[in-house]
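The values are calculated or read from the model by the stated rules, or taken from the named source; none is laboratory data. These numbers were taken from a predicted model, which means no experiment stands behind them. Glycine also receives a Cβ, built like all others from the backbone with ideal geometry; neighbour counts cover every protein chain displayed.
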Amino acid sequence: MAFGVGLSIGTVNTVCVTAADRAGRKTPGRRAAPPTTWRTTLTFDSSGTARVGRIPRHGRVITEFADLSQRGPVARVGHRALSAADLVATVVGSVLEEVLGKAPAGQDGRPDTGITVTHPAGYSENLVADLRSALDSFGLEHVALMAEPIAAATWLGAQRGPLMPGLALVYDLGGSGLDVTLVRVGAGAPANPIVGLPLHSADFGGRAFGGLVAERLRHGKDAPVISRVRGDDDTGALRAEHIEQSLRLVYKCLRIADVTMADVDRVLVVGGAARPHEVAEVLSTRLARPIVVAPDPERTIADGAAIAARQAVLAQDSGAHGHGPITGFFRRITRVAAL
């Protein structure tokens with residue numbers, strides 16, 4: 001049997017999805033849980049045990065560490081300073097323990113479970129190496145890493161495939177920003193299917209739109225006080241304007257790759273801030289290409305990661321190289337005081 005686990009760790013939320021084998025059966029001893037979402041926050045108790053997703057009334061909570069390119073905060077736990085990569089690895093270990101539970105008897109050493117954690121496609125080799133090293137130091141050597149748009153394309157292939165060879169534009173609108181990436185899909189796609197350069201902007205996304213709404217309330221016409229209620233139509237129009245402005249990042253991505261929208265077969269829309277219907281509507285109208293949006297776009301990347309993890313186990317079972325066994329998987333994943 002093959003069981004996959006996919007994690008997408010964003011600045012705002014962390015999503016974990018599990019994927020059973022092709023027959024839909026869950027692996028004995030594993031919880032085939034529905035997608036689960038946590039706030040990407042960490043707290044540590046006096047013993048050094050980490051807790052994910054909690055916002056305590058009192059005590060310190062660590063946030064804004066998931067984007068390693070921003071050189072996030074360093075936390076001191078016991079006598080050890082934890083880097084942002086260490087904090088991300090702590091989230092991974094804590095979430096996996098909560099989702100999978102303790103490894104059941106007889107499961108250790110069996111390559112029945114694959115685990116994939118995603119990261120932004122714009123990470124440098126050094127940042128990916130930092131994350132790899134942090135995972136390894138937490139006993140998570142067999143957790144695979146995958147760029148977010150590649151995980152999204154994996155979901156697309158599994159849900160809408162088999163795909164003809166071509167280009168997909170992944171439009172990832174999250175809470176903290178927008179990422180736009182061109183990815184080759186279908187038969188013959190290379191091991192690294194990203195075309196051109198992935199682009200990121202913090203000018204768009206959930207936080208940016210919230211700031212825009214607040215700004216309009218403060219300075220908009222006939223809005224002398226910030227408590228003025230904005231109607232749904234006004235909010236929808238403002239969101240549509242926001243998405244239209246984001247198209248400059250799409251066109252820049254196309255120029256760098258030396259392609260046009262005519263070369264793009266479909267636009268895959270993912271991310272928690274992509275739920276409002278105005279997002280897909282504007283992209284469909286302005287880009288004039290088929291738009292693909294999952295029922296819950298926030299989980300698409302984690303879904304793809306789980307599918308990739310399961311596929312790797314199936315490939316290994318067929319004699320190909322894939323994920324190794326998860327021996328030592330639960331070693332030191334939540335207690336970091338002794339690090």
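The residues listed here are 176, 133; of these, the one that is among the hydroxyl-bearing types (Ser, Thr, Tyr), farther than 28 Å from residue 20 by Cβ, at pLDDT below 95 and not in a strand (DSSP E or B) is 176.
Taking the criterion of being closer than 19 Å to residue 254 by Cβ and over 18 Å from the mean Cα position of the chain (by Cα), the residues of region 158-185 that qualify are 165, 166, 167, 184, 185.
Considering every residue within region 240-252, establish whether at least one is charged (D, E, K, R), closer than 23 Å to residue 88 by Cα and at pLDDT 95 or above. No: zero hits. Quick test for you: out of 181, 154, pick the one residue that is in contact with a Cys (Cβ under 8 Å, 6 or more places away or on another chain) and modelled with pLDDT of 95 or more. Matching residue, one of 181, 154: 181.
Only one of the numbered conditions (1) at pLDDT 95 or above; (2) over 23 Å from residue 291 (Cβ atoms) is violated by residue 199, and that is (2). Considering the conditions (1) out of contact with any His (no Cβ under 8 Å at 6 or more places or on another chain); (2) part of a loop (DSSP other than H, G, I, E, B); (3) modelled with pLDDT under 95, residue 123 is excluded by exactly one of them, (3). Confirm whether residue 50 is hydrophobic (A, V, I, L, M, F, W, C), modelled with pLDDT of 75 or more and surrounded by fewer than 23 Cβ atoms within 10 Å (Cβ to Cβ). For residue 50, the condition - hydrophobic (A, V, I, L, M, F, W, C), modelled with pLDDT of 75 or more and surrounded by fewer than 23 Cβ atoms within 10 Å (Cβ to Cβ) - is not met. Contact annotation: residue pairs with Cβ atoms under 9 Å, 6 or more positions apart or on different chains, pairing a residue in region 130-149 that is closer than 28 Å to residue 168 by Cα and in the same structural domain as residue 306 (by TED's automatic domain parsing) with a partner that is at pLDDT below 95 and among the aromatic types (Phe, Trp, Tyr), are 143/329.
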